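Input: a single structure, listed below in structure tokens.
The values are calculated or read from the model by the stated rules, or taken from the named source; none is laboratory data. None of the values given here were measured: they were computed from a predicted structure. Cβ atoms come from the backbone with ideal geometry, glycine included; neighbour counts cover every protein chain shown.
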Amino acid sequence: MKFTPHAPPPDEELTELLCEFCAPDSWEECDGGESDSPQHCSCGRPLEGSLTSDGITYVLDQAEETARDGYTGTTGIGNGPPYYVGSPMWAVVSEWIDSLSWYHLDGDEGARCEALGRLFSKWDSRLKREVGS
Ligand SMILES: [Zn+2]
């Protein structure tokens, strides 16, 4: 799933970035700037910003920690913003991992990202079976 952040028109002051579902038509797509952690719209959807290399490391570390908590782990972020209410923590982090496909990760980071992607897609199939969709 991909969400492109939208910014206000150039003549308006930039106060927030919104996802494509929340931004009015007059707002323009933007790259969201560089960040050390994933950015989210106020609705909770992850925004596709450019992560710094620290940001990529952060995402991989968080995802591995979440994977260790297991399928039913619900700690941390993801319980607040509307988009994620009722979602397990790993579902949030799984979208972060998806967004890493934007970057050309090699070596160790590429391998970590791939392993996490495989795990989360397995959990995703399991979740879909459970809710019967
Ligand atoms: Zn939104």
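Of all residues in the stretch 105-115, those satisfying the criterion of being part of a helix (DSSP H, G or I), out of contact with any Leu (no Cβ under 7 Å at 6 or more places or on another chain) and surrounded by 10 or more Cβ atoms within 10 Å (Cβ to Cβ) are GLY110, ALA111, GLU114, ALA115. Candidates are the residues of the stretch 28-46 that are near the ligand (Cβ under 10 Å from one of its atoms) and in a loop (DSSP other than H, G, I, E, B); the one that is modelled with the highest pLDDT is CYS41. Search the stretch 47-70 for residues being more than 14 Å from the ligand (Cβ to nearest atom) and assigned to a strand (DSSP E or B), and hand back the single one that is nearest to ILE97 (Cα to Cα). Per the stated criteria, the residue is LEU51.
A Cβ distance below 6 Å, combined with a sequence gap of six or more or placement on separate chains, defines the contacts here; from the stretch 104-133, residues that are at negative phi reach residues that are surrounded by 10 or more Cβ atoms within 10 Å (Cβ to Cβ) and not in a helix (DSSP H, G or I) in the pairs CYS113/LEU105; TRP123/TYR71.
Looking only at the stretch 3-27, which residues are part of a loop (DSSP other than H, G, I, E, B), within 13 Å of the ligand (Cβ to nearest atom) and either more than 16 Å from VAL92 (Cβ to Cβ) or out of contact with any Cys (no Cβ under 6 Å at 6 or more places or on another chain) (or both)?
Residues of the stretch 3-27 part of a loop (DSSP other than H, G, I, E, B): 3-5, 8-17, 19-27.
Those still in the list that are within 13 Å of the ligand (Cβ to nearest atom) too: 3-5, 16-17, 19-24, 27.
Across the stretch 3-27, the qualifying residues are THR4, PRO5, GLU16, LEU17, GLU20, PHE21, CYS22, ALA23, PRO24, TRP27.
Restricting the first member to the stretch 43-57 and to residues that are free of Cβ contacts under 8 Å to residues at least 24 places away in the same chain, and the second to residues that are among the charged types (D, E, K, R) and within 16 Å of the ligand (Cβ to nearest atom), no beta-carbon pair is closer than 9 Å while six or more apart or on different chains.
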